[in-house]
Amino acid sequence: MFKGFTRFLHSPGEQLKTLLDPQESTTSALTPRNIPRSEHPVSRQHISDAALKVLYRLSGAGFDAYLVGGCIRDALLGKMPKDFDVATNATPEQVRDLFRNSRLIGRRFRIVHVRFGREVIEVTTFRGKPQDEHGDHIAHQSDEGLLLRDNVWGNIEEDALRRDFTVNALYYNIADFSITDFANGAEDIKTRTLRLIGDPATRYREDPVRMLRAVRFAAKLDFTLDPATEAPMYDQAPLLLQIPAARLFDEVLKLFMSGHGLVTFRLLSHYGLFGMLFPEAEEAMADAAWAEELIEQALTNTDKRIAEERPVTPAFLLAAFLWAPVKHRQEALEQEGMPPIPALQAAAQQVVSRQLEFTSIPKRFGIPMREIWELQQRLPQRRGKKAFQTREHSRFRAGYDLLLLREQAGEIPSGLGEWWTAFQRGDEHEQRRLLQKVGGDPASQGDRRRKRRRKPSAPE
């Protein structure tokens, strides 16, 4: 408070302007800077052939054509861009008319996807500032300030100020290969600072997902959040509860499946955002120390697999995130007298039902997630042929990996994971020895069952 008062005394006019109209004062201070080709390292060699085709066709048809956002930011950071976004003054319908291999998507923001095989180039029309005179079919905000619909077209200057972060307000012009920097983003890239354009509190109210994007970019780029950008996040985290569950699931994939999941998780927890996505998991972490360790170990392993370009699945991470709540509910049901397996199934159903209120879970991930949980009940059962049957389960590897994480996190004593590791690696003789160790030689077990099934001989 005293720091703010001191700043007010130094420049009362500017401080009053910020208090009365924070967004207007911030954006009006932005002065575009043109960076000619000779002063920046971005080359057409950094740009995919598909993106160049889109740029040149738009330009050839008389429209403005710019590469914008993350691809330019990454190129300036010395990274090879992977995704390419194009901004233009052509309307979505005009873009679609130019490209037969395109389709319009989105209602909240209408954009065009131009597809070249597996590569998709996203083309957006310059957006303007939503104003009251626009009809609800074009632009509409909720009473809380959330943008529900935004299809107001504008010019490049207005579009730049609608971008979220300064480092994303960089436009590469295909006409002369220059970069226009509208928000001093090039300087923020040098200082590795992530800064919102406009008044952060207002921008978060417009779209609370920007808080998740801020965390994701900070983790991915190893940037520091500008103090003004991070300050409102602590109080405005609950705004995420306004966002549809399906959209938040898409954001979860971006947050945790990009190779920086552990850092992202810690930042989300720091700002109170993780609980808005996985509330029961956060509650479980407060009750059991191993729950947080389990999640961190799962994210560490996932990040490592992504770095090694090995396959990963959201089903495993979701199973790890929600295992502690499932285990807690299962134990409570068993105390009420329910057998272990029905208790696990009921607990899983309760946890998933609550989670769906916050983030959706598509069946293609939800079914494997439940199977991974069910394997936690089967893995301790190794007598007879059960070990071989469990080993052949389609989700065995994921269930085994979760078992190892549970031991590492301290939820259960170590030993079972080591047994299964040896069982997988061992030959037939070693597997038989391991089964005898737990009293389960399948051959002798089968012989005993066959002897019990024999009918008694007829009396002579």
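Every number in this text was worked out from the coordinates using simple rules, so none of it is lab data. These numbers were taken from a predicted model, which means no experiment stands behind them. Quick reminder, even Gly has a Cβ in these numbers, built from the backbone with ideal geometry, and neighbours come from all protein chains shown.
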Sorting check: for 315-323, 229-237, which peptide has the highest mean count of neighbouring beta carbons within 10 Å, and how do the rest follow? 315-323, 229-237
Taking the Cα centre of the stretch 278-438 as the origin and placing charges on Cβ (Lys, Arg +1; Asp, Glu -1), which of F423, W290, G410 is farthest toward the positive end of the dipole? F423
Karplus couplings for the stretch 356-363 from phi (6.51 cos²θ - 1.76 cosθ + 1.60, θ = phi - 60°), rounded to Hz, Gly and Pro as x? 5, 6, 10, 9, 6, 9, x, 4
Separation between the I341 and V438 pseudo-spin-labels, each 7 Å from Cα along Cα→Cβ, expressed in nm? 1.6 nm
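Evaluate the charge dipole of the stretch 32-191 about its Cα centre and quote only its size in Debye, nearest 20, assuming +1 on the Cβ of each Lys and Arg and -1 on the Cβ of each Asp and Glu.
Values: 22 positive and 24 negative charges, 155 e Å.
Dipole size: approximately 740 debye.
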Could you order the peptides 412-418, 307-313 from most to least packed, using the average number of other C-beta atoms within 10 Å per residue? 412-418, 307-313
In µm²/s, what is D for the stretch 278-438 at 4 °C and 1.567 mPa s, where D = kT/(6 pi eta Rh) by Stokes-Einstein and Rh is the Kirkwood radius from Cα pairs? 78 µm²/s
Determine the distance separating the Cα centre of the stretch 32-73 from the Cα centre of the stretch 325-373; give it in Å without decimals. 49 Å
Calc'd 3J(HN,Hα), the stretch 178-190, phi into Karplus 6.51 cos²θ - 1.76 cosθ + 1.60 (θ = phi - 60°), Hz, glycine/Pro = x, comes to 8, 10, 9, 9, 8, 9, 6, x, 4, 5, 5, 5, 4
For the stretch 53-111, what does the equivalent ellipsoid look like in terms of its semi-axes, each the square root of 5 times an eigenvalue of the Cα gyration tensor, given largest first in whole Å? 22, 14, 10
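If you build the Cα gyration tensor of the stretch 32-191 and take the root of 5 times each eigenvalue, what three semi-axes come out, in whole angstrom, biggest first? Working shown, then result.
On the way: eigenvalues 128, 82, 36 Å².
Gyration-tensor ellipsoid for the stretch 32-191: 25, 20, 13 Å.
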Rounded to one decimal in nm, the spacing of the 7 Å Cα→Cβ label points at L356 and A307 is 3.7 nm
For the pair S38/E331, report the inter-label distance in nm, with labels modelled 7 Å from Cα in the Cβ direction. 7.0 nm
